[in-house]
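Encoded as structure tokens, the structure appears first; notes follow it.
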Amino acid sequence: MSEKILVFDSTLRDGAQAEGISFSVEDKIRVVETLDKMGIDYIEAGNPGSNPKDIEFFNRIKGIHLNHAKLVAFGSTRRGGIAVEDDANLKAILETETPAVAIFGKSWTFHITDIIKTTLAENLKMIEETMAYLKTQGKDVTFDAEHFFDGYKNDPAYAIEALLAAQEGGADCLALCDTNGGTLPYEIEEIVTDVRQKLRIPLGIHCHNDSGLAVANSLMAVHAGARQVQGTFLGYGERCGNANLATIIPNLQLKMGFHCLADAELQKLTSSAIRIAEISNYALTGREPFVGKSAFAHKGGMHIDAVMKNPASFEHVSPEAVGNERRILMSEVSGRSTIIQLINEVDPSLTKKSDETTRVMDRIKELEYQGYQFEGAESSVKLLIRKELGMHKPFFTLEDFKTIGEQTHTKEALSSSAVVKINVDGQSEINAAEGDGPVNALDKALRKALEVFYPKISEVRLTDFKVRVIDSKSATASKVRVLIESSDGVDIWTNVGVSTDIIEASLIALIDSIEYKLLNDEERENK
Ligand SMILES: [Zn+2]
């Protein structure tokens, strides 16, 4: 059995400091549930001593059972010159009743004398007494040695003394923090190796990404002996962010031979990343290692050919191991051998030479001639294949639609409204909605109408909308290509529509997006 590395997520504490992130209590609970389901060991959820919203969260979460994770409340060592029992922050931490706590303290002399303005000796007492007090309260205690690497470079003896004080007080783990994110991987390895020889309790690592090295530094620390890794699930955090656990975990487990999660939990990595990005209101970057949409996307003809012979030719790990999927990007150059892969998902008996394959190829070429581009929009290709093979029964038909743009000269954005009439199995449904812009209004009206028949449509959100004017050689009527990216919190998919009219192009993509969602749900249920 490979050695266990404890995974410590701070998306809700350090991650919440990221520019642009603002978690509601509800959001926080959803993040906790997602991380717990994935088998994360520690979830640091906030600082009750400094943030009233965090207190409300800790009260709410008391009633929620976690299967695996230990919830962590975060705070600092007691203030200088007072007794631990009298420290208001520690009181607030104890009131959260979390099984684990993470306490940060100073290990860089300059921060002690110039920032918190106390003596070096008092700082050591603050650390030791705080640890000892929390241990008497039965807590699993991690000591976060803030600015540890800078402190060590400046005064190694004192930095080690700070850790020894925490060990003496009874801490369960000493997390060495690269708080300013300026340390280099080889320095991390040297310092962790030295620290390990001088202390007997487990070490942890907490890196920030200011030098673009947080993941590398975390891996080096584990390589040198750290056994707890702190980070945030997608690297969200102040400035350039924290160490990205969605990158660290698969590297530790698939390459370095450590154990972080059960295999089935590791396979939830991609869907959890999509969900957490969505809750955080960030778009998940396509190039995100392991979990991004492009992480296993192949485009060049020769690469595609090689990957189909043996995926290891251009993939460092298998996409299934992290719950992602291989994508073969469609383009005019890629030809039959790529299309056949998608055709075989629908009908495994067809070959490159089948008439059906020729028909699908002809249809794709025709659409590409009209201005379609299927690269990145395989969900549209999958639908097209089903339609060409006569294997797609539309979930609905759009009988009629109207959009009305209101030229309101108020401060509000230009508002529009839309009316749609759809038909599902002979039953009609009319619905109207307002939106900022006609496409938004259409999207809302269409969904409202469809939700009557397919409640799961309410899960879908448009996550990206791109419009491009296509250079038209005829120059009489220029066309637009609309790409719509949608997500239901589990999957992300993209659809394309082309027309001389932007609303029609959008509608083609929107309808495809909804059809794809319904098809996908149906397939998932049948599995
Ligand atoms: Zn931090």
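Derivation of every value follows stated rules applied to the coordinates shown; laboratory data play no part. Not measured: the values here are computed from a predicted model. Cβ placement follows ideal geometry from the backbone for every residue including glycine, while neighbour counts extend to all protein chains displayed.
Numbers below:
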item: 20 Å reach of a label modelled at ASN180, 7 Å along Cα-to-Cβ, counting backbone N of region 112-139; result: 112-118, 120
item: 0 to 90° range, to nearest 10: angle between helix 185-198 axis and the chain longest Cα axis; result: 40 degrees
item: Karplus-derived 3J(HN,Hα), 6.51/-1.76/1.60, for each residue of region 28-34, Hz, glycine and proline x; result: 4, 5, 5, 5, 4, 5, 5
item: Sequence-distant residues sharing a close amide H with ILE470 (under 5 Å, placed H); result: LYS479, VAL480, ARG481
item: Percent of Cα pairs exceeding the 47 Å cut-off, where the set is the chain; result: 25 percent
item: Using a Förster distance of 41 Å, the FRET efficiency for GLN370-ASN281 (Cβ separation, nearest 0.05); result: 0.70
item: Calculated FRET value between LYS125 and HIS316, using beta carbons and R₀ = 45 Å, to 0.05; result: 0.40
item: Calculated from backbone phi, Karplus (6.51, -1.76, 1.60) coupling profile of region 7-22 in Hz, x at Gly/Pro; result: 9, 10, 9, 10, 3, 7, 10, 5, x, 5, 7, 5, 4, x, 9, 8
item: Eligible aspartates and glutamates near LYS466 by straight Cα distance, threshold 12 Å, same-chain separation 8 or greater; result: GLU485
item: R0 of 51 Å, Cβ-Cβ distance GLN17-ASP305: FRET efficiency to nearest 0.05; result: 0.65
item: Rounded Å value of the spacing that divides the Cα centres of region 67-117 and region 231-260; result: 25 Å
item: Mean projected area in nm² (Cα convex hull; one quarter of hull surface) for region 331-393; result: 4.0 nm²
item: Added length on full extension, which subtracts the Cα-Cα distance from 0.36 nm per residue, ARG239 to ASN423; result: 61.2 nm
item: DSSP beta bridge pairing in the chain, given as percent antiparallel to the nearest 5; result: 50 percent
item: Cα-based helix-to-principal-axis angle, 52-61 vs the chain, degrees rounded to 10; result: 80 degrees
item: Added length on full extension, which subtracts the Cα-Cα distance from 0.36 nm per residue, ASN67 to LYS91; result: 6.0 nm
item: Point-charge dipole on Cβ atoms (K/R +1, D/E -1) for the chain, about Cα centre, debye to 20; result: 720 debye
item: Using alpha-carbon coordinates, inclination of helix 156-169 to the longest axis of the chain, degrees; result: 90 degrees
item: Where labels lie 7 Å past Cα in the beta-carbon direction, separation of GLU504 and ASP436 in nm; result: 2.8 nm
item: Loop-resident sites, region 135-201, for trypsin sites (Lys or Arg not before Pro), counting at most 13 other Cβ within 10 Å (DSSP); result: ARG200
item: Alpha carbon centroid spacing (whole Å) that separates region 450-527 from region 120-160; result: 54 Å
item: Separation of the ARG524 and GLU3 label points, Cα + 7 Å toward Cβ, nm; result: 3.9 nm
item: Two-site label geometry, GLU168 and ARG359: point separation in nm, points 7 Å out along Cα→Cβ; result: 8.2 nm
item: Rel. contact order, % - alpha carbon contacts under 8 angstrom, at least six apart, region 211-253; result: 39 percent
item: Expected 222 nm ellipticity per residue - DSSP helices of 4 or more, -39500 (n - 2.57), all of the chain, to 500; result: -12000 deg cm²/dmol
item: Region 256-349: trypsin sites (Lys or Arg not before Pro) in DSSP coil with no more than 13 other Cβ atoms inside 10 Å; result: ARG287
item: HIS298 long-range amide H proximity, modeled H, under 5 Å; result: ARG327, ILE328, LEU329
